[in-house]
1. Out of everything in the range A:71-81 that is more than 8 Å from chain B (Cβ to nearest Cβ) and farther than 14 Å from residue B:52 by Cβ, what residue ends up being surrounded by the fewest Cβ atoms within 10 Å (Cβ to Cβ)?
2. Taking the range B:1-12, which residues are surrounded by fewer than 16 Cβ atoms within 10 Å (Cβ to Cβ) and at pLDDT 95 or above?
3. Do you know which of the residues in the range B:99-112 that are assigned to a helix (DSSP H, G or I) and crowded, with 16+ Cβ neighbours inside 10 Å is modelled with the highest pLDDT?
4. Taking only the range A:199-217 into account, find how many residues are at pLDDT below 90 and part of a helix (DSSP H, G or I).
5. Just need a number here: residues in the range B:201-218 that are in contact with a helix residue (DSSP H, G or I) (Cβ under 8 Å, 6 or more places away or on another chain) and crowded, with 20+ Cβ neighbours inside 10 Å.
6. In the same structural domain as residue A:94 (by TED's automatic domain parsing) and within 13 Å of the chain's Cα centre (by Cα): is that true of residue A:142 in this structure?
7. Looking only at the range B:39-58, filter to residues that are more than 9 Å from every other protein chain (Cβ to nearest Cβ) and in a helix (DSSP H, G or I); which one of those is surrounded by the most Cβ atoms within 10 Å (Cβ to Cβ)?
């Protein structure tokens, strides 16, 4: 058993893994197994293979249901923004998983514990262990705690084209005119701030600020989308 | 409702989709929607996005459990052999799905109905519709009918390296000697047949035939694997 890990999972996520061997496997790198040849240990790679597929489905289903008008191409791009090495590594760090990985001495010296690729793997193998232990529901609950709130926090907004979505939503019942108007622009050259309003058929539905016109437009479009959805 | 499709599903797979709109959506291409602008139709792409992720997980979990000693790299290769455009298109044809796709006239003329890429999409969107309608269990049951038996039929054997697996399994409890011996070689030059035996520590555990030595060795290794597993 990896000291402290079951307590962390219980305390922070109310998760209790029944099969401790699975959990150990999920947090053990091959380098550690090689250094302890007599302990009959397993390393995380197979569980990670499964966890990756579980996470793909859980995220796919969530965004499929949450964005019922988003076309396939944009669902695919959004999923790629959510499911990738960088974001999974950051989730692993946020969960405090990095401290519990069992590494060989060489890997430890080489700072593998801080490496995105390893942290992403461990996040996936944890998901795989949770799935094998308890099925898909606890994985969805965990994603609801760790991953999906980031959509509302705007974490994936760069990949999420609100302007295109606004166009699609606004024009569902026929053509409309969508205009973006610069409201103000100030600040020093190296820290310029833009304010942009979006108007649909002349009615102002959103306003956004940003360090570029493009970003301010995206923020304004996002606000207008919220307004339009509230009207339905 | 697409004429004949519910009957096919019921008769061949004992599947009854409750939400007929989902089924229609899963079998409708964008070109058909465009030709029928007043029918408020949807095309399959979003459901296919979901079905693809469902299939990835169902196949991943199956091979993860079925081959408990297969390392991650080979699980990944095997999954890629099973989950790809060519194999999914062949499954769609085998299921008789091609006849029920709703296509626009241009696409019909361009023989889209026979195109692997479309057939693969439709296979995935059918899976997505089944999943949305009834959850993952019926998808697993369907895969047990259509996909997984092909593993036993040797359909993915090319991608499945039995010789490497035999080496791993045979050496689990320490080193052994594995030899492949040519037993016979005959037939005309353009239709040569090879027979190869595999011996583990001198004991003959399998024999295989093939049009190349390499293929005969793979068949022999597969037989030896079956023999070794039966001993456990």
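1. A:77
2. B:4, B:7, B:10, B:11, B:12
3. Per the criteria, the residue is B:100.
4. Within the range A:199-217, residues that are at pLDDT below 90 and part of a helix (DSSP H, G or I) number 3.
5. Adding up the residues that qualify gives 5.
6. Yes.
7. Out of the qualifying residues, it is B:51.
Every residue, every condition in (1) surrounded by fewer than 21 Cβ atoms within 10 Å (Cβ to Cβ); (2) in a helix (DSSP H, G or I); (3) at negative phi, yes or no:
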position	(1), (2), (3)
A:122	no, yes, yes
A:125	no, yes, yes
A:130	no, yes, yes
A:133	yes, yes, yes
A:137	yes, yes, yes
A:141	yes, yes, yes
A:150	yes, yes, yes
A:154	yes, no, no
A:164	yes, yes, yes
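The values are calculated or read from the model by the stated rules, or taken from the named source; none is laboratory data. Since the structure is predicted, the reported quantities are computational estimates derived from the model, not experimental observations. Methodologically, a virtual Cβ is constructed for each residue, glycine included, from the backbone with ideal geometry; neighbour enumeration extends over all protein chains shown.
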